[in-house]
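Enquirer: Submitted below is the structure of interest, expressed as structure tokens.
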Amino acid sequence: MTEPSRQWPLWEVFIRSRNGLDHKHCGSVHAPDAKMALQNARDAYPRRRDGGSIWVVRAEHSVASDPDAKPEMFDPAEDKIYRHPTFYTLPDEVNHM
Amino acid sequence: MTAATQTHPAHLEYVLRLADTSLILGQRLSEWCGHGPVIEEDIALTNIALDLIGQARLLLTHAGALEGRGRDEDQLAFLRREPEFRNLTIVELPNGDFGQTILRNYLVAAWQRELWQALPGSGDAALAAIAAKSLKEARYHVQHASDWVVRLGDGTDESHRRMQAALDLLWPYTAEFFSATPVDEAAAAASVGPAWASLEAAWTGAVTPVLEVATLAMPARTPFLSRGKAGVHSEHLGHLLTGMQHLQRTYPGGTW
Amino acid sequence: MYTQAMDIPSPERDETARGGPRSVREAEYEAEIDAKVARGEFIEAKDWMPEAYRKTLVRQISQHAHSEIVGMLPEGNWITRAPTLKRKAILLAKVQDEGGHGMYLYAAAETLGVARDDLVDALHSGKAKYSSIFNYPTLNWADIGVIGWLVDGAAIMNQIPLCRCSYGPYARAMIRICKEESFHQRQGYDLLLTMMKGTPEQRDLVQDAVNRWWWPALMMFGPHDSASTHSGDSIKWGIKRISNDDLRQKFVDAAVPQARVLGITLPDPALKWNEARGHWDFGPIDWSEFWNVVNGHGQCNRERLADRVQAWEDGAWVREAAMAHAEKQRKRDRLAA
Ligand SMILES: [Fe+2]
Ligand SMILES: [Fe+2]
């Protein structure tokens, strides 16, 4: 591995293509500082006018859930079917509720 | 051809200066494509080259219309001879290292920004429209290049030394940005656009603090004055055109 | 592009060989991963994965990235000489896209825990391969059109199946890349059509370029399936989905009518429609040439690598200065706070 001082740090790039949508992860860039990370993201990703707003986040600052802990993280939501609208059968007359 | 008969030659000259400056700088920057210091920057420089070539196409097309001899952007770009080019000399100089390239980008973009800002008031509606579009691009070019100038001026001893050398080399060519010429006077009088001398204070006001933050020493003005905008160029333009015009000259009458 | 890259022996290859004792836990995990892939599910960056899978991915994705970056050079050779401003802009945008592709792919490789600088070092030291197609020279302007038509065309055919490959970050990078690729082939073909409408000299240029690029383009799909060394694991893991020969046939079938519309002759006297197979038959590929170029004896192997190394070395002071400034600035900001 290269010593960290030599290589520019990695930044994750999130782009919102237009107002009203979520910022979506679209890739990453290397840059020595935030300003340049933004510029690099601007120059690399929305080259076909698909950009409205950009976030950049130092990759090392993102904290990820442990994939091995997936069962305890996500399975408990599985049997809470009453959270879903389709759980409730209503008379046809009010079916658009 | 009413537009042509109404056109003062100074008007055409004025537009050609802008067109050729964007064209030749775009051509120089395109040499970097694939050779940048890091991919991210390779992509950024190419974006700037694309903006400049886009400007050149609009301006040359407009110049062709003003000239009224039916020449399109490509006939003007590829079939004019060296002394017919009206670009600022600074943009035809070889790229040098990345620092020299980026410093030139900064000096020229800061000048273009002032110019594009002043041109929406032009009596030439087509030119005004091109200026409005180009202003957005120039603002980004200034941002990108000035950040780099500061970064490299301030970065390491080596980068500082290289940037100071680049500034010492390029600075004398910036006098041409503002030297008074009859074309300026006539263009200003016909409200085509500002005399370039009038932009000097704003440009200097913008550039000085950036160079200061970059810890670079601004060289003193010397009597040297380049005259590319009058068609008197450095030795470098001929070589640049040799490559750029190669195909059109070698295969006359081709369709591309 | 460039499934070819994974089918050729490289010094890195031996490391990927399976073997050594595996724990029971690992064996279980591995079975789980294989099952997941078989169900068409994605593996994501932080998921456990067999070491051989990880190494194969790092090799394939980084070689793919190197190919995009080195691939900027042959076309870059004509940017300053493009014959019109429109073509210059198109070519710049196209070559820039390839740089972007390299960047997306390096980023995908980095999710596997390798540093981009290390991958780049492997390219520069000759340890990592890139697609041999870029070791051919671009000798006339029509080469730019033919590269778009045939080389990008072959690349697109190679790449589309990778949009569904089992490794999520790679698949997503490929989706983005394939979207951008869509104009690459069309601009090349459009360039050629325009030249074919020009002077006889221009038509000769096109034919000359086609003559030089046709066979190398066919070689881009890699050795025959019977001679392909890595395909087994790669297909099992869903990082390769269609065989070299099937893709090559698909490519030939698509190119023949396109060549006819263009009005050029493909340099293969054996090209013949085979009614029974429903495909075009084509002549034997000269694999000795292929291996020569792979093994470093093409026209441009040295130049391409030297160009990349020089760009990297010339940029060292820039990259260092940018880091130094960022560090100084952070210190200054801290003092000011
Ligand atoms: Fe690509
Ligand atoms: Fe491509």
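The values are calculated or read from the model by the stated rules, or taken from the named source; none is laboratory data. Just so you know, these numbers come straight off a predicted model, no measurement behind them. FYI the Cβ positions are ideal-geometry reconstructions off the backbone, even for glycines, and counts take in every protein chain you see. Please note that ligands, DNA and RNA were not included when accessible areas were found on the heavy atoms of the full protein model with its side chains. Shrake-Rupley method; radii C 1.70, N 1.55, O 1.52, S 1.80 Å.
Enquirer: Under 19 Å from a label point 7 Å along Cα→Cβ of A:Lys80: give me every residue in the stretch A:51-72 with its amide N that close.
Expert: Under cut-off, by backbone N: A:65-66, A:69-72.
Enquirer: Do the sum for chain C: with -39,500 (n - 2.57) for every DSSP H run of n ≥ 4, divided by all residues, what is the mean residue ellipticity at 222 nm, to the nearest 500 deg cm²/dmol?
Expert: Dividing the helical sum by the residues of chain C leaves -20000 deg cm²/dmol.
Enquirer: Farthest toward the dipole's positive end in chain A, which of A:Ala44, A:Ala59, A:Leu10, given Cβ charges of +1 (Lys, Arg) and -1 (Asp, Glu) about the Cα centre?
Expert: A:Ala44
Enquirer: Another question about this same structure. To the nearest hundred square angstrom, how large is the accessible surface buried between B and C, total for both chains, probe 1.4 angstrom?
Expert: It comes to approximately 4000 Å² buried between B and C.
Enquirer: Report, by chain and number, residues whose modeled amide H sits under 5 Å from the one on B:Leu88, excluding near sequence neighbours (fewer than 5 apart, same chain).
Expert: Answer set, sorted by chain and number: B:Thr21.
Enquirer: Give a quick list of trypsin sites (Lys or Arg not before Pro) in the stretch A:29-90 that DSSP marks as loop, anything other than H, G, I, E or B, with at most 15 other Cβ atoms within 10 Å.
Expert: Of the trypsin sites (Lys or Arg not before Pro), the ones in loops of the stretch A:29-90 whose Cβ has at most 15 other Cβ atoms within 10 Å are A:Arg48, A:Arg49, A:Lys80.
Enquirer: At 222 nm, what helix-only mean residue ellipticity would chain B give, in deg cm²/dmol to the nearest 500, using -39500 (n - 2.57) for each DSSP H run of four or more?
Expert: Helix contribution divided over all residues of chain B: -21000 deg cm²/dmol.
Enquirer: If each Cα of the stretch C:15-152 is one equal point scatterer, what is log10 of I(q)/I(0) from the Debye formula at q = 0.11, 0.12, 0.15, 0.21 Å⁻¹?
Expert: Once normalised to I(0) and log-transformed, intensities are -0.54, -0.62, -0.83, -1.20.
Enquirer: Using a 1.4 Å probe, how large is the accessible area of C:Arg25, given in Å² and rounded to the nearest 10?
Expert: The accessible area comes out at roughly 130 Å².
Enquirer: Right, here's the next one. Net charge near C:Pro161, counting Lys/Arg +1 and Asp/Glu -1 over other residues with Cβ under 12 Å of its Cβ?
Expert: +3
Enquirer: Where both residues lie in the protein assembly as shown, what percent of DSSP beta bridges are antiparallel, nearest 5?
Expert: Antiparallel bridges make up about 95 percent of those DSSP assigns within the protein assembly as shown.
Enquirer: With a 1.4 Å probe on protein heavy atoms only, tell me which residues of the stretch B:33-50 lose at least 50 Å² of accessible surface in the complex relative to the chain by itself.
Expert: B:Cys33, B:Gly34, B:His35, B:Pro37, B:Val38, B:Ile39, B:Glu40, B:Ile43, B:Asn47, B:Leu50
Enquirer: Continuing with the same structure: Residues with amide H under 5 Å of A:Ser28's amide H, sequence separation 5 or more or different chain, H placed in the peptide plane at 1.01 Å from N; which?
Expert: Amide H neighbours of A:Ser28: A:Val13.
Enquirer: If I model a spin label as a point 7 Å beyond the Cα along the Cα-Cβ vector, how far apart are those points for C:Ile160 and A:Arg6 in nm?
Expert: For C:Ile160 paired with A:Arg6, the spin-label model returns 4.2 nm.
Enquirer: Once the whole set of protein chains is in place, how much accessible area is left on C:Arg330, using a 1.4 Å probe, in Å² to the nearest 10?
Expert: The accessible area comes out at roughly 100 Å².
Enquirer: Where does the charge balance sit around B:Leu216 when Lys and Arg score +1, Asp and Glu -1, over other residues with C-beta under 13 Å from its C-beta?
Expert: 0
Enquirer: Could you tell me, in Å, what Rg and Dmax come out for the Cα atoms of the stretch B:1-127?
Expert: When restricted to Cα atoms, the stretch B:1-127 yields Rg and Dmax of 15.4, 51 Å.
Enquirer: Now, a different point. Output the relative contact order of chain C, whole-number percent, from Cα pairs under 8 angstrom with separation of 6+ residues.
Expert: Relative CO of chain C lands at 21 percent.
Enquirer: Provide A:Val94, B:Val150 ordered by accessible surface of protein heavy atoms (probe 1.4 Å), highest first. Each step should come with its number before you reach the end.
Expert: On the way: A:Val94 60, B:Val150 30 Å².
If we order A:Val94, B:Val150 from most to least accessible, we get A:Val94, B:Val150.
Enquirer: Between Rg and the Kirkwood Rh of the protein assembly as shown, both from Cα atoms, what is the Rg to Rh ratio? Provide the component values of the computation, followed by the final result.
Expert: Values: Rg = 27.9 Å, Rh = 27.7 Å.
Computed over Cα atoms, the ratio is 1.01.
Enquirer: Here is a further query. Report the relative contact order of chain B, percent, no decimals, based on alpha-carbon pairs under 8 angstrom and at least 6 residues apart. Before the final figure, lay out each step's value.
Expert: Values: 358 pairs, mean separation 61.6, N = 256.
Once normalised by length, the contact order is 24 percent.
Enquirer: Now a separate question. What's the carbon and sulfur percent of the protein assembly as shown's accessible surface, probe 1.4 angstrom, rounded to a whole number?
Expert: 56
Enquirer: How much mean residue ellipticity at 222 nm does chain A get from its helices, if each DSSP H run of length 4 or more adds -39500 (n - 2.57) and you divide by all residues, to the nearest 500 deg cm²/dmol?
Expert: Result for chain A: -4500 deg cm²/dmol, rounded to the nearest 500.
Enquirer: At a Förster distance of 45 Å, what's the computed FRET efficiency of A:Val94 paired with A:His61, Cβ-Cβ distance as r, to 0.05?
Expert: My answer for the efficiency is 0.40.
Enquirer: Ordering A:Glu12, B:Glu31 by how much accessible area each has at a 1.4 Å probe, largest first, what is the list?
Expert: Final ranking, largest accessible area leading: B:Glu31, A:Glu12.
Enquirer: Work out the P(r) tail for the stretch A:10-65: percent of alpha carbon pairs separated by more than 18 Å, whole number.
Expert: Of all Cα-Cα distances in the stretch A:10-65, 27 percent exceed 18 Å.
Enquirer: Taking only the alpha-carbon atoms of chain C, what semi-axes of the equivalent ellipsoid follow from 5 times the gyration tensor eigenvalues under a square root, in whole Å, largest first?
Expert: 35, 29, 17
Enquirer: Compute the acute angle (0 to 90°) between the alpha-carbon long axis of helix A:34-44 and the principal axis of greatest extent of the alpha-carbon atoms of chain A; round to the nearest 10°.
Expert: So the helix axis and the longest Cα principal axis differ by about 80 degrees.
Enquirer: Using the crude model of +1 on Lys and Arg Cβ and -1 on Asp and Glu Cβ, and no other charge, please compute the dipole size for the protein assembly as shown relative to its Cα centre, in debye to 20.
Expert: 1100
Enquirer: Enter the accessible area per residue of the protein assembly as shown (Å², integer; probe 1.4 Å; all protein chains in place). Write down the numbers at each step before the final one.
Expert: Working: 29480 Å² over 690 residues.
Roughly 43 Å² per residue, with all protein chains present.
Enquirer: Report the local net charge at C:Arg277: Lys and Arg +1, Asp and Glu -1, summed over other residues whose C-beta lies under 13 Å from its C-beta.
Expert: -3
Enquirer: If you don't mind, there's one more thing I want to ask. Kindly write out, for the stretch A:78-87 in residue order, the coupling ³J(HN,Hα) from the Karplus curve 6.51 cos²θ - 1.76 cosθ + 1.60 (θ = phi - 60°), rounded to whole Hz, with x marking Gly and Pro.
Expert: 5, 9, 8, 5, 5, 6, 9, x, 5, 5
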